[in-house]
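Undergrad: Below: one structure in structure tokens.
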Amino acid sequence: MKSKKVILILFAVLITAFILGIYLPKFTSSESKLMPCYHAQVADSSSLLKIFSQDNNLVNGELIFQNYQKDSSYGVFNGELINKKLEINFKFQSEGVESTRQISLNLNGESLVGEGFNFKPVENCNSITYNQGLGLIPFDMKLPLHLFPRIKLQPITEQELTNTFGPGGFKPIQSAKIVYTPTKGEPVAAVIFYLWQKSVWNVIANPNEAPDWGVMQWSDQSHVFSVNGVQDCVYPNEPDCGNISEIFKFIYDNNSYINKVPPYSEVKVKVTKTKTFHDPETGYYVVSEFNILGIGANQSYRCDISAFDKGGKVIISWSTEGLSFSPNPSTIYSGQTNIKPDQVSTVGSSTVKCKVADAIG
């Protein structure tokens, strides 16, 4: 009788151990409950990690690696969180190719650390933006990071430009578009970007016509950056309609754009000659010829010029700008402007101050 009692006790202990072995990890894993959204950033690259569901140790979600001007990846994952270590199987798209790889992230306090990123919890994934480069146009645009898998920068073909602006010469010097790929329906060009020569913009930008050329977001003495985009939802379904509306909020907001136009810096200038000439059709001119010391190939210059009479008094001041001459950027540059006939004999000298920058467009 005593032996039967011992056997029953041992059996009960084994059953209890078995049950605890199955259920105890589920009870003790609550301290590792993950947040719904994590964001990480390294320089200009960002990553977004969404948790769709967590059933005790089992986790699934979405992961986006947005690498600035490099191959990026995005996709879904599933995995396990054990001993504060998240081991996931990441099924992702990169440059149109589908792949799978394993990723390990360590839960350190509230953060997930791994893959060179420190993922920190955020309240709303939809509030995170990233900087989208615009190809040869020297601006970035801020866009919602959670929409990164659905938007892609693409070039605009010459045929598309001809269809928009006609076969003439009034076309932008650079262009690009962001295409949105919906869950249902056809892709649409959500945002179109143009970089113009200002002289062309001044001709084509007619305020009395539909703005196919876009809305100006920035300009300087020689260039204009303009943007055009959808204003109404082009899809009858969600989430596409909401996504397009979200993108629209950024299109015409100046704060959405990051200026990357190369900065101008002062350089030394040597004036080589100051002279005058007469054009029978357009009048009298004063000309300053000069070397821009240190200017390189494919650089822009902006110069302020003043002409003086023989007594050192300023006759006239003006500005000139242009591109360096290739393949010999150290050649002679010049700037000219009209003067009155009675000023011709008084011209004595000139001064030139220049700034240069890497050319855009």
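Undergrad: For the pair V113 and T164, what calculated FRET efficiency results from E = 1/(1 + (r/R0)^6), where r is the Cβ-Cβ distance and R0 = 51 Å, to the nearest 0.05?
TA: Taking R0 as 51 Å, the efficiency between T164 and V113 is 0.60.
Undergrad: If each residue of separation counts as 0.36 nm, what is the full-extension length gain between E209 and N67 once their alpha-carbon separation is subtracted?
TA: Here the answer is 47.2 nm.
Undergrad: To one decimal place, what Kirkwood hydrodynamic radius in Å is obtained for segment 221-338 from all pairs of distinct Cα atoms?
TA: By the Kirkwood definition, the hydrodynamic radius is 18.7 Å.
Undergrad: Convert each backbone phi in segment 289-299 into a coupling constant with the Karplus relation 6.51 cos²θ - 1.76 cosθ + 1.60 (shift: θ = phi - 60°), then list the ³J(HN,Hα) values in order as whole Hz, x for Gly and Pro.
TA: 10, 7, 9, 9, 6, x, 5, x, 5, 6, 10
Undergrad: Mind checking the full-extension length gain between K184 and E281? Use 0.36 nm per residue of separation minus the Cα-Cα distance, one decimal, nm. Please list the in-between numbers first.
TA: Values: separation 97, 0.36 × 97 = 34.92 nm, distance 6.36 nm.
Result: 28.6 nm gained on full extension.
Undergrad: Of S32, M141, F225, which is farthest towards the positive pole of the chain's charge dipole, taken about the Cα centre with +1 and -1 on the beta-carbons of Lys, Arg and Asp, Glu respectively?
TA: S32
Undergrad: Gaussian network model of the chain, Cα springs within a sub-10 Å range: biggest mean-square fluctuation belongs to which of K340, K91, K177?
TA: K340
Undergrad: For segment 33-126, state the average projected area of the convex hull of the C-alpha atoms over all orientations, rounded to one decimal in nm².
TA: Its average projected convex-hull area is 5.9 nm².
Undergrad: Between T331 and I173, what length comes free when the chain is fully extended (0.36 nm per residue of separation minus the Cα-Cα distance, one decimal in nm)?
TA: Here the answer is 54.3 nm.
Undergrad: DSSP loop (so not H, G, I, E, B), at most 12 other Cβ within 10 Å: list which trypsin sites (Lys or Arg not before Pro) in segment 280-315 pass both filters.
TA: K310, K313
Undergrad: Something else now. From the cross-link list K33/K120; K310/K340; K171/K249, which pairs have alpha carbons spaced over 19 Å apart? Display every interim value, and only then the final one.
TA: Details: K33/K120 14 Å; K310/K340 16 Å; K171/K249 27 Å.
Those over the limit are K171/K249.
Undergrad: Another question, if that's okay. Against the longest principal axis of the chain, how steep is helix 240-251, in degrees 0 to 90 to the nearest 10, with axes from Cα atoms?
TA: That helix lies at roughly 40 degrees to the long axis.
Undergrad: Kindly state, to the nearest 0.05, the FRET efficiency for Y264 paired with N56, given R0 = 41 Å and r defined as their beta-carbon distance.
TA: 0.10
Undergrad: A further question follows. Note down the Stokes-Einstein diffusion coefficient of segment 165-280 in µm²/s, whole number, using a Kirkwood radius over alpha carbon pairs, 4 °C, and 1.567 mPa s.
TA: The calculation lands on 75 µm²/s.
Undergrad: Now for a different question. Distance between the C-alpha centers of segment 173-200 and segment 273-307? Whole Å please.
TA: Taking the Cα centre of segment 273-307 as reference, the centre of segment 173-200 is 39 Å away.
Undergrad: Using the Cα centre as the reference, give the magnitude of the dipole from point charges on the C-beta atoms of the chain (Lys, Arg: +1; Asp, Glu: -1; all else neutral), rounded to the nearest 20 debye.
TA: That gives a dipole near 1300 debye.
Undergrad: If I take R0 = 45 Å and measure r between the Cβ atoms of W218 and K273 in this structure, what FRET efficiency does the formula 1/(1 + (r/R0)^6) give, to the nearest 0.05?
TA: Details: r = 37 Å, r/R0 = 0.81.
After rounding, the FRET efficiency stands at 0.75.
Undergrad: Can you tell me which of P263, P280, P341 moves the most in a GNM of the chain? Springs connect C-alpha atoms under 10 Å apart.
TA: Comparing P263, P280, P341 in the GNM, the peak value goes to P280.
Undergrad: While we're here: 222 nm [θ] for the chain, helices only, -39500 (n - 2.57) per DSSP H run of 4+, per residue, to 500?
TA: -5000 deg cm²/dmol
Undergrad: Right, here's the next one. What do you get for the angle between helix 2-28 and the principal long axis of the chain? Use alpha-carbon atoms, 0 to 90 degrees, nearest ten.
TA: Taking the Cα atoms of the chain, the angle to 2-28 is about 10 degrees.
Undergrad: If you add up the charges near I292, with Lys and Arg at +1 and Asp and Glu at -1, over every other residue whose beta carbon is less than 12 angstrom from its beta carbon, what do you get?
TA: Every neighbour counted, the sum reads +2.
Undergrad: While we're here: Throw me the Rg/Rh for the chain, computed over C-alpha atoms with Kirkwood Rh, two decimals. Before the final figure, lay out the partial values.
TA: Numbers: Rg = 32.3 Å, Rh = 26.0 Å.
Rg divided by Rh gives 1.24.
Undergrad: I've got another one for you. Using a Gaussian network for the chain with springs between C-alpha atoms less than 10 Å apart, which of these wobbles most: S219, S265, S345?
TA: In this elastic network of the chain, the residue with the biggest mean-square fluctuation among S219, S265, S345 is S345.
Read-outs: derived from the displayed coordinates by stated rules, not from any lab. Just so you know, these numbers come straight off a predicted model, no measurement behind them. For neighbour counting, all protein chains shown are included, and Cβ atoms are generated from backbone atoms with ideal geometry for every residue, glycine included.
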